[in-house]
Structures are given as structure tokens and as C-alpha cells.
Amino acid sequence: MDDARRRQLTDIVAAKAGVDVACAARHLALHDGDVAAALRGIDIERYTLTQRLLNKYRRDPEDALQHVVLAVLQHEDIRSDSVLRLERIAALAPPVAGVVMLAEWLAYVDWEGFDSALYANVDAVAAFIAGELKLPEVAANLLQARDADVFETRRPALAAAALLFIERHTTQFP
């Protein structure tokens, strides 16, 4: 690649990634002039896995939540077939354990239905929702009203609150 083309690609990468020319040139060199790979490399260097997932899936908060939890489980090597799964999740940092518990409960709602999920760790889930996510009305619905329609209308706000919680505790996530 000639110098003019190298400078052009460096300028493109620097502009798209919002980095200085030296950083752009280093990543282009690392990735043999591949602009897309250089941009991915800059993102990997600049953001944690959780931050990248939040950026990528932000348009669908519940999907973003599930992707972050999957990353946590993979990072911690917690498998669904593990006998010690619940103990391993409980041993995570409290914010991470709470988010994993919430996401798994939401997945349970999808698999088994709201009525069944009310008997699956609902007290701990409601405590996390009321205390950490600051949504006492959603928690009250789970514990008292037990109304699936009300829950479904508040579910998007619940997922959005979980993402904000993850952002506040991002250093504890992978």
C-alpha cells in the first residue's frame, strides 16, 4: 500500500473512531490495512465487552440485558448444566448476581409464563427490582397484584432500568 493510500485510510479510521492519527495508524498496521478490523480493534481497546454489548443492542433493552448476562455466564464459565450454577451466580459481585438473577427470571417468564414465574425466586427478584432498580411499583405488582398484563406494560421500563443499573456498575461486569 502506498503512503497516500495509507494516510487516507488512517484519516478515515481516525475520523470514524474519533481517535488521533497515531492510534488509527497503529490499528491499521495491526490489521493489515483492514479498516473494519481496525475500527473493531479500537472499540475492543476502548470499551469493555459489556459496554460494547450495550452500545450494539441498546435499541432493544431486554435483548441487551440478555446479551450482557450471557457474556457474564460465559466469562465466569457458568453453564446451565452445572450442579453448582446457583451457588456460582450468588458468588458473583452483588450487582452482577442481581442482574443475572433478574435476566434469568425474565427468561423464565418467557419460557414458562408469568403465573409459573411467580413461584420461581420472585421474592429475591422483587427485592432487586424495588431496591436496586428503584421500581417499587413493579415489585409490588409481582408480590401483591400478580397481574401479568400490568407486568407486561412495565416490562420495557424494567429492562431499561436494568441497563442503567449495568451502566452504573459497568466496572464489575466483563
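Would you mind telling me the share, in percent, of accessible area of the chain contributed by carbon and sulfur at probe 1.4 angstrom? Heavy-atom surface of the chain belonging to carbon and sulfur, 1.4 Å probe: 54 percent. Which one, A14, I78, P95, projects farthest toward the positive side of the charge dipole computed for the chain from Cβ point charges (K/R +1, D/E -1)? Of the candidates, A14 comes out farthest on the positive side. Relative to the longest principal axis of the Cα atoms of the chain, the long axis of helix 21-30 lies at roughly 90 degrees. About its Cα centre, the chain has a charge dipole of approximately 620 debye under the convention of +1 per Lys or Arg Cβ and -1 per Asp or Glu Cβ, with nothing else charged. Each peptide in 83-95, 19-31 was scored by the mean count of other Cβ atoms within 10 Å over its residues; highest first, the order is 19-31, 83-95. Toward the positive end of the charge dipole of the chain, with +1 on the Cβ of Lys and Arg and -1 on the Cβ of Asp and Glu, the farthest Cα among P61, I44, L158 is that of I44. Other residues lying with their Cβ under 15 Å from the Cβ of R88 contribute a combined charge of -3, Lys and Arg counting +1, Asp and Glu -1. Averaged over its residues, segment 117-172 has an accessible area of 51 Å² per residue, based on protein heavy atoms and a 1.4 Å probe. When +1 charges are put on Lys and Arg Cβ atoms and -1 charges on Asp and Glu Cβ atoms, the dipole computed for segment 1-81 relative to its Cα centre reaches about 280 debye.
Mean sequence separation of contacting Cα pairs (under 8 Å, at least six apart), scaled by the length of the chain, corresponds to a relative contact order of 19 percent.
Once Cα extents along the principal axes in Å is worked out from the coordinates, which option in (1) 61, 46, 25; (2) 46, 42, 27; (3) 69, 35, 25 does it equal? Correct label is (3).
The values are calculated or read from the model by the stated rules, or taken from the named source; none is laboratory data. Keep in mind it's a predicted model, so treat the numbers as computed, not measured. Don't worry about glycine lacking a Cβ; one is built from the backbone with ideal geometry, like all the others, and counts go over all protein chains shown. When the accessible area is computed, the model is the full protein with side chains, heavy atoms only, and any ligands, DNA or RNA have been set aside. Shrake-Rupley method; radii C 1.70, N 1.55, O 1.52, S 1.80 Å.
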